[in-house]
Amino acid sequence: SSYSRNRRSTIRENLRLQYIFKPGYTCNLGVTSYQILSEVESRTLGVEKKSGQGEWTTRWMPNATININKEKLMCYLYYSGTSSVPGGDRINPSLDLSNPLQLSVGNIYLRPTFTHYGNLQLRYSDRKSAFSITGSANLTLEQNALVFANWFDSKGIRYAIPVNSQSPGSNLSASIYLNTPIGKSRNFTY
């Protein structure tokens, strides 16, 4: 009684250049381009719908990696991104009745998401004393992120449909690791 068909095409181009300033100092710069086609045809309860027919989405982004590796100090900086199209379970317009208290349906009008990634790592290490400290920070920023529109009926049954968010989603995480020997024998570290 219902079906959905998704045709996806993705073209990705990369151009990268590497420059070595001197031993231990490297820089990679480039650009990446995505062209994405996501066409969906569906029929549910006799109603046929189509979306994305011939609509190519183009995304491009710079990417960079800087790596400094000196005797005791290391610095690594990275930026890149990727694009993806929604999976079949997110676009299938048939009503999912597997949980009668939480009904959901797919959305054939979903657009591809695009995620930016950034990473910074700093490390100081002294081999003689076996001491090291490492700090890192990661940032992601997602455009057209998939979120769910939810509502409840008068009987408390929840309904949900995936949609593209109007505002970007972001996530930031940071960590610090410390390693140093304990005691005169230096058999243990923390």
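The values are calculated or read from the model by the stated rules, or taken from the named source; none is laboratory data. Please read all numbers here as calculations on a predicted model, not as lab measurements. Heads up, the Cβs are rebuilt from the backbone with ideal geometry, glycines too, and the neighbour counts pull from every protein chain shown. Remember, those area values only see protein heavy atoms, side chains included, never the ligands or the DNA or RNA. Shrake-Rupley method; radii C 1.70, N 1.55, O 1.52, S 1.80 Å.
Shown for the chain: the carbon plus sulfur share of the solvent-accessible area, taken with all protein chains present and a 1.4 angstrom probe, equals 56%. Of the whole protein surface, Leu37 contributes about 10 Å² of accessible area at a 1.4 Å probe radius. Counting only other residues whose beta carbon sits under 14 Å from that of Gly52, what net charge do I get with K and R as +1, D and E as -1? Taking every Cβ under 14 Å from that of Gly52, the sum is +4.
Counting only heavy atoms of the protein chains, get the accessible area per residue of the range 48-103 (1.4 Å probe) and round it to a whole Å² value.
Counting only protein heavy atoms, the per-residue value for the range 48-103 is 64 Å².
So what's the gap between the Cα centers of the range 74-90 and the range 120-148, to the nearest angstrom? Cα centroid of the range 74-90 versus Cα centroid of the range 120-148: 16 Å apart.
Phi angles across the range 30-35 convert, under the Karplus curve 6.51 cos²θ - 1.76 cosθ + 1.60 with θ = phi - 60°, into 3J(HN,Hα) values of x, 9, 10, 10, 10, 10 Hz, Gly and Pro given as x. Computing Kirkwood radius over Cα pairs in Å directly from the structure and comparing it against (1) 18.2; (2) 20.7; (3) 20.3 singles out (2).
Across the chain, how many lysine pairs separated by 8 or more positions, or lying on different chains, have Cα atoms within less than 17 Å? Please list the in-between numbers first.
Numbers: Lys22/Lys70; Lys22/Lys72; Lys70/Lys128; Lys72/Lys128; Lys128/Lys184.
Pairs that pass both the separation and distance tests number 5.
For the chain, what is the calculated [θ] at 222 nm in deg cm²/dmol (nearest 500), taking -39500 (n - 2.57) for each run of four or more DSSP H residues and dividing by its residue count?
Working: 1 runs with 4 residues, N = 190.
Taking each H run of at least 4 residues, the total per residue is -500 deg cm²/dmol.
Taking every C-alpha pair closer than 8 Å and separated by at least 6 residues, the mean separation divided by the residue count of the range 78-154 gives a relative contact order of 28 percent. The relative contact order of the chain, computed from alpha carbon pairs under 8 Å that lie at least 6 residues apart in sequence, is 15 percent.
About its Cα centre, what dipole magnitude does the chain give when the only charges are +1 on Lys and Arg Cβ and -1 on Asp and Glu Cβ, stated in debye to the nearest 20?
It works out to roughly 760 debye.
Counting Lys +1, Arg +1, Asp -1, Glu -1, what net charge surrounds Pro162 among other residues with beta carbon under 10 Å of its beta carbon?
Values: positive: Arg90; negative: Asp89.
Result for the neighbourhood of Pro162: 0.
Hey, quick one: spin label on Arg43, modelled 7 Å out along Cα-Cβ, who in the range 86-130 has an amide N within reach, i.e. under 18 Å? Hits in the range 86-130 for Arg43 at 18 Å: 92-95, 108.
Considering only alpha-carbon pairs that sit under 8 angstrom and 6 or more positions apart, the relative contact order computed for the range 1-85 is 28 percent.
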